[in-house]
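Visitor: I have a structure I would like to understand better, so I am pasting it below and will then ask my questions one at a time.
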Ligand SMILES: O=C(O)CCC(=O)C(=O)O
C-alpha cells in the first residue's frame, strides 16, 4: 500500500476523540494561554524602582548585570570629565554663538546651553512634578502604564530598546507627547500631582524658543536660509516627545547601565538632568562622563539631523550610568518627525560632488528598523 494511504488510515481525526476529552484538551490550551499572558504582564510590570527598593546592598537580578566588556566600572575613562562645548545664549556676540552651535553640532553632536531663556523656576517646576509622579505609590503610577501590545512608546515604565543580550537598563520611564496638540494623548499625562500639566505646558512655551534658535543656526550652518531646515524637518508639526528617566540608586553601579549606548532617533534632543552625574558620551571609542553643569540644557544631535544634513551634523553616541546612593532623573524632549514624514538628505545639499549618504525613508520605517535592530 502507498505510504500516503497508510497515513490516512491510521491518523485519528477529531471525530475519533470523545467529546469530554476534546473539552479537556481545549481547557488546558486556554489555561496555558492565560498563564503566558499573565507572565507577560508580570514581566512588563517589573519596575526597576521596585527591584531597587528590594535590593538595598543585596544582590541584584542577573538581567541587570552587564557583560564585563560593557560594565561602566571597566569601560569608563576615570578621573576625566568630558568638557563638551558650553554655549552661552546670552552672549551679545551672536555671530560667535552661531559659530559655536554649528561647530559643536558638527564635531561633537552634543553641547550644553547656559543662560538660555527658560527661567530656572520653570525648570524646577518641571523637575519637581516629575519627581513627585515617580514617588507616588506603584499602583497609581501603573494607571499610566503603556498598554500591552501598544505600538506607541507613550506611557509609564516600558522598556524601549530590544537589547541584543537580553539585559535590562537600571531605569524606569514615562513618555508622553507634549506637542503638537493634535498628537497629545492626555491619558499618559499624570493627573497627580495636580500641577503636572501646567508645569509641562509652561516648560513647553519656553522650549519652542530654544528649538527655533537651534534650527535657525543649524540651517545657516548648512548654507540654507534660516527657516529652511525646520521647514524641511516638519515645521510646526514636529513632534516633541517628553521622556522622564528615573534611575534609582543601585548597590552595584559599576556593573549596570541606565540607558545602554545609543544615538537618539530624533532630529535633536533637549535634555534637563538633575544634579546627579550619569550621562556619558563616547569619544574615540572610549566612554567619558559628561560634566554636569548647573542650569544647563544638554543638546544631543540625533539620527534624523545627521541624515537631513547629509552627515554634516553628527548624532552623538551616549549612555548613562547610575549612582550608588542617589536617584538620577532626566527629562529629555525628543524633537521628531511625524511617523509618515519622509526623511532624507535636504535636496539643496545634494549634487554631483556631494551625493546622498543616507536613504530617504518614512520616519516610522526608520524607527521600526532601529528599535528592532534591523539594518536601515
Ligand atoms: O539620562 C540621560 O542623561 C540620557 C537619557 C537618554 O539618553 C535617553 O533617554 O535616550
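The values are calculated or read from the model by the stated rules, or taken from the named source; none is laboratory data. Fair warning: this is a prediction, and the values are worked out from it, not measured in the lab. Ideal geometry is used to build each Cβ from the backbone, glycine not excepted, and the neighbour counts take in all protein chains shown.
Visitor: Taking into account only those residues within the stretch 251-275 that are farther than 19 Å from residue 69 by Cβ and more than 10 Å from the ligand (Cβ to nearest atom), which is surrounded by the most Cβ atoms within 10 Å (Cβ to Cβ)?
Guide: Out of the qualifying residues, it is 267.
Visitor: Given the criteria at positive phi, surrounded by fewer than 24 Cβ atoms within 10 Å (Cβ to Cβ) and more than 10 Å from the ligand (Cβ to nearest atom), does residue 289 qualify?
Guide: The answer is no for residue 289.
Visitor: A follow-up question, please. Does at least one position in the stretch 298-309 carry a residue that is assigned to a strand (DSSP E or B), under 15 Å from residue 219 (Cβ atoms), within 13 Å of the ligand (Cβ to nearest atom) and touching a residue at least 24 places away in the same chain (Cβ under 8 Å)?
Guide: Yes; the residues of the stretch 298-309 include at least one that is assigned to a strand (DSSP E or B), under 15 Å from residue 219 (Cβ atoms), within 13 Å of the ligand (Cβ to nearest atom) and touching a residue at least 24 places away in the same chain (Cβ under 8 Å).
Visitor: In addition: Considering each of 355, 339, 345 in turn, give the residue that is touching a strand residue (DSSP E or B) at 6+ places or on another chain (Cβ under 8 Å) and either free of Cβ contacts under 8 Å to residues at least 40 places away in the same chain or at positive phi (or both).
Guide: Result: 339 is the single residue among 355, 339, 345 that is touching a strand residue (DSSP E or B) at 6+ places or on another chain (Cβ under 8 Å) and either free of Cβ contacts under 8 Å to residues at least 40 places away in the same chain or at positive phi (or both).
Visitor: Please tell me if residue 354 is out of contact with any helix residue (DSSP H, G or I) (no Cβ under 9 Å at 6 or more places or on another chain), part of a loop (DSSP other than H, G, I, E, B), more than 16 Å from the ligand (Cβ to nearest atom) and more than 30 Å from residue 66 (Cα to Cα).
Guide: Against the criterion (out of contact with any helix residue (DSSP H, G or I) (no Cβ under 9 Å at 6 or more places or on another chain), part of a loop (DSSP other than H, G, I, E, B), more than 16 Å from the ligand (Cβ to nearest atom) and more than 30 Å from residue 66 (Cα to Cα)), residue 354 qualifies.
Visitor: Could you check, for the stretch 68-83, whether at least one of its residues is surrounded by 15 or more Cβ atoms within 10 Å (Cβ to Cβ), under 26 Å from residue 242 (Cα atoms) and at pLDDT below 95?
Guide: Checked the stretch 68-83: at least one residue is surrounded by 15 or more Cβ atoms within 10 Å (Cβ to Cβ), under 26 Å from residue 242 (Cα atoms) and at pLDDT below 95.
Visitor: Another question, then. Determine which member of the set 209, 223 is surrounded by fewer than 18 Cβ atoms within 10 Å (Cβ to Cβ) and on the phi > 0 side of the Ramachandran plot.
Guide: When all the criteria are applied, what remains is 223.
Visitor: Turning to a different aspect of this structure: Name the single residue that is surrounded by the most Cβ atoms within 10 Å (Cβ to Cβ) among those in the stretch 317-343 being assigned to a strand (DSSP E or B) and more than 16 Å from the ligand (Cβ to nearest atom).
Guide: 343
Residue-by-condition table, conditions (1) more than 16 Å from the ligand (Cβ to nearest atom); (2) touching a strand residue (DSSP E or B) at 6+ places or on another chain (Cβ under 8 Å); (3) assigned to a helix (DSSP H, G or I); (4) more than 18 Å from residue 335 (Cβ to Cβ):
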| site | (1), (2), (3), (4) |
| --- | --- |
| 178 | no, yes, no, no |
| 190 | yes, yes, no, yes |
| 197 | yes, no, yes, yes |
| 200 | yes, yes, yes, no |
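Visitor: Also: If you go through the stretch 139-153 one residue at a time, do you hit one that is in contact with a strand residue (DSSP E or B) (Cβ under 7 Å, 6 or more places away or on another chain), closer than 24 Å to residue 304 by Cα, surrounded by 13 or more Cβ atoms within 10 Å (Cβ to Cβ) and at pLDDT 95 or above?
Guide: Within the stretch 139-153 (the criterion being in contact with a strand residue (DSSP E or B) (Cβ under 7 Å, 6 or more places away or on another chain), closer than 24 Å to residue 304 by Cα, surrounded by 13 or more Cβ atoms within 10 Å (Cβ to Cβ) and at pLDDT 95 or above), the answer is no, since none of the residues qualifies.
Visitor: Can you find a residue in the stretch 214-235 that is within 22 Å of the chain's Cα centre (by Cα), within 16 Å of the ligand (Cβ to nearest atom) and modelled with pLDDT of 95 or more?
Guide: no
Visitor: Just to be sure before I move on: is residue 206 within 30 Å of residue 70 (Cα to Cα) and touching a residue at least 40 places away in the same chain (Cβ under 8 Å) in the structure I sent?
Guide: Taking the combined requirement at face value, the residue does not satisfy it.
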